[in-house]
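Only one structure is covered here, and it is reproduced in the block below.
The values are calculated or read from the model by the stated rules, or taken from the named source; none is laboratory data. Remember, predicted model here, so these are calculated numbers, not experimental data. Cβ sites come from the backbone with ideal geometry, for glycine too, and all protein chains shown count toward neighbours. The accessibility values were calculated without ligands, DNA or RNA, using every heavy atom of the protein model including side chains. Shrake-Rupley method; radii C 1.70, N 1.55, O 1.52, S 1.80 Å.
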Amino acid sequence: MIAMRPIREYDVIDLLNNGRFEGEVEGYVVMDGPKYLGHMLYRVDGAVTQVLECGVEEKMFVDGAVRACVAAGENAGATSFRVNGEDEKLAEWKNVFFPEAQGDVPNSSIFHTCE
């Protein structure tokens with residue numbers, strides 16, 4: 001079973017971040033049972049969730065991992081998100097789901113669409 005688990009140990013986040021991203025960086029690990037599949041780093045900056053890094057190797061899990069970060073940001077009060085275009089996997093994700101988007105993308109574009 002695939003699980004996205006928040007990283008609660010800030011030493012682990014510091015190790016993954018390695019001083020590259022400033023501010024209060026948060027993260028998720030992606031697990032398949034006991035097997036580690038990768039990690040995600042993100043930051044909530046006011047009303048925007050910034051998805052900073054995708055350390056998930058298998059493409060089929062990237063979408064769920066991005067959405068987990070955006071959902072966590074929304075729970076913290078963010079109403080939109082952006083992905084780091086310098087991260088190859090995140091840039092590819094954006095080009096698949098939001099090729100025309102410039103700047104911040106409203107959370108409602110991936111959540112709250114059912115009526």
Kindly check whether there is at least one residue in the range 43-58 that is farther than 16 Å from Glu24 by Cα, in contact (Cβ under 8 Å) with a residue 24 or more places away in the chain and among the acidic types (Asp, Glu).
no
Assuming Arg8 fulfils every condition listed in (1) more than 21 Å from Phe97 (Cα to Cα); (2) open to solvent by less than 100 Å² (accessible area, probe 1.4 Å); (3) not in a helix (DSSP H, G or I) apart from one, which condition is it?
(2)
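If you scan the range 13-22, which residues turn out to be farther than 23 Å from Ile110 by Cβ and either in a loop (DSSP other than H, G, I, E, B) or open to solvent by 60 Å² or more (accessible area, probe 1.4 Å) (or both)? Walk me through it before giving the result.
Of all residues in the range 13-22, those farther than 23 Å from Ile110 by Cβ come to 13-20, 22.
Those that are farther than 23 Å from Ile110 by Cβ and either in a loop (DSSP other than H, G, I, E, B) or open to solvent by 60 Å² or more (accessible area, probe 1.4 Å) (or both): Asp14, Leu15, Asn18, Gly19, Arg20, Glu22.
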Number of positions in the range 94-111 that are outside any helix (DSSP H, G or I), modelled with pLDDT of 90 or more and touching a helix residue (DSSP H, G or I) at 6+ places or on another chain (Cβ under 9 Å):
3
Within the set of pairs 6 or more residues apart or between chains, which connect a residue that is under 13 Å from Arg67 (Cα atoms) inside the range 87-102 to a residue that is among the acidic types (Asp, Glu) with Cβ atoms less than 8 Å apart?
Leu90/Glu53; Trp93/Asp63; Phe97/Asp63
Please go through (1) open to solvent by 50 Å² or more (accessible area, probe 1.4 Å); (2) out of contact with any strand residue (DSSP E or B) (no Cβ under 7 Å at 6 or more places or on another chain) for Ala101 and return the number of the only condition it doesn't satisfy.
(1)
Met40 is checked against (1) buried (at least 18 other Cβ atoms within 10 Å of the Cβ); (2) out of contact with any Cys (no Cβ under 8 Å at 6 or more places or on another chain) and fails just one. What number does that condition carry?
(2)
For the range 47-93, how many residues meet the condition of being outside any loop (DSSP other than H, G, I, E, B), open to solvent by less than 20 Å² (accessible area, probe 1.4 Å) and in contact with a His (Cβ under 9 Å, 6 or more places away or on another chain)?
2
